[in-house]
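Only one structure is covered here, and it is reproduced in the block below.
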Amino acid sequence: MNAVNQEPKVVRILLVDDHPLVRDGLRARLEASPHLHVVAEAGSSEEAIEQAGECQPDLVLMDVNMRGGSGIEATARLTQLHPGVNVLILSMHDKPEYVSQAMQAGARGYVLKDAPGKDIVLAIETVMGGGIYYSAALARQLASPAAPSDQLTAREHEVLKHIAAGQSNKQIARDLDLSVRTVETHRLNIKRKLGIEGQAELIRFAVQRAGTD
């Protein structure tokens, strides 16, 4: 009985890519893991929105460039219509602006299509566990040597580590025994000191920093 309880929960996945052969390869790669189940596929942004409403997936694996609309725009619509659905971007594009736009749209991670199959599975598990995931190669490329983190206080470094883990202000406040307002202030101070503007850029820096510690 205990062994059964320890089995990972099945993750219902919607694959979104405008190339059927790519979807076939992804399906085979994912379903090699017993707890990953592809419940539907979509070849366009509009079809992705429709399928998400019908099959109620736990996670959407979303391409960026598709005929008839951007995957990033579809991510923004999906996260607005179905806030309980996690979106993981799987793309051939490694430009920082794509990553930033995807995170601002509500994506929980960004994986490159040439990543090993085990990395995609790890990304799904990380996102479903409440974290945020970037491909290792992408995180290295995005690393910004111009961001001086030595200005941060010890408490701000702690907050940064929790941000990297994908925690909300409320979760960080509980774990560090702080008020939510204090955590918000720490976030603002971190962004000011590092010259960071948006939340997506802050999360990206936090994840990169965690990967180098």
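Inside segment 74-108, can you point out the residues that are touching a residue at least 12 places away in the same chain (Cβ under 8 Å) and closer than 18 Å to LYS9 by Cβ? Can you show your working first?
Let us first name the residues in segment 74-108 that are touching a residue at least 12 places away in the same chain (Cβ under 8 Å), namely 74-82, 85-94, 96, 98-108.
Selection gives VAL85, ASN86, LEU88, ARG108.
Name the one entry in VAL11, VAL39, VAL87 that is in contact with a Cys (Cβ under 7 Å, 6 or more places away or on another chain) and either among the β-branched types (Val, Ile, Thr) or under 30 Å from GLU197 (Cα atoms) (or both).
After ruling out the rest, the residue left standing is VAL39.
Any idea which residue in segment 162-205 is surrounded by the fewest Cβ atoms within 10 Å (Cβ to Cβ), counting only those that are at pLDDT 85 or above and small (Gly, Ala, Ser)?
Only one residue tops the list, namely SER179.
Give the residue, chosen from ARG77, ARG67, that is basic (Lys, Arg), on the phi < 0 side of the Ramachandran plot and modelled with pLDDT of 90 or more.
Answer to the selection: ARG77.
Where in segment 153-213 are there helices (runs of 4 or more DSSP H), lying wholly inside it, with at least 2 residues that are out of contact with any Ser or Thr (no Cβ under 7 Å at 6 or more places or on another chain), without any contact (Cβ under 8 Å) to a residue 12 or more places away in the chain and among the hydroxyl-bearing types (Ser, Thr, Tyr)?
Helices (runs of 4 or more DSSP H) meeting the threshold: 180-194.
Restricting to segment 80-132, name every residue that is among the hydroxyl-bearing types (Ser, Thr, Tyr) and outside any helix (DSSP H, G or I).
Across segment 80-132, the qualifying residues are SER91, TYR110.
Restrict the check to segment 132-141 and report whether at least one residue is at pLDDT 85 or above, surrounded by 15 or more Cβ atoms within 10 Å (Cβ to Cβ) and not assigned by TED's automatic domain parsing to the domain that holds ILE120.
No; the residues of segment 132-141 include none that is at pLDDT 85 or above, surrounded by 15 or more Cβ atoms within 10 Å (Cβ to Cβ) and not assigned by TED's automatic domain parsing to the domain that holds ILE120.
Here is a list: ASP17, ASP24. Which entry is in the same structural domain as ASP119 (by TED's automatic domain parsing) and either within 20 Å of TYR133 (Cβ to Cβ) or surrounded by 22 or more Cβ atoms within 10 Å (Cβ to Cβ) (or both)?
Details: ASP24 fails: either within 20 Å of TYR133 (Cβ to Cβ) or surrounded by 22 or more Cβ atoms within 10 Å (Cβ to Cβ) (or both).
The match here is ASP17.
The values are calculated or read from the model by the stated rules, or taken from the named source; none is laboratory data. Given the structure is predicted, the values throughout are model-derived calculations rather than measurements. All Cβ positions, even for glycine, are placed from backbone atoms using ideal geometry, and neighbour counts span all protein chains on display.
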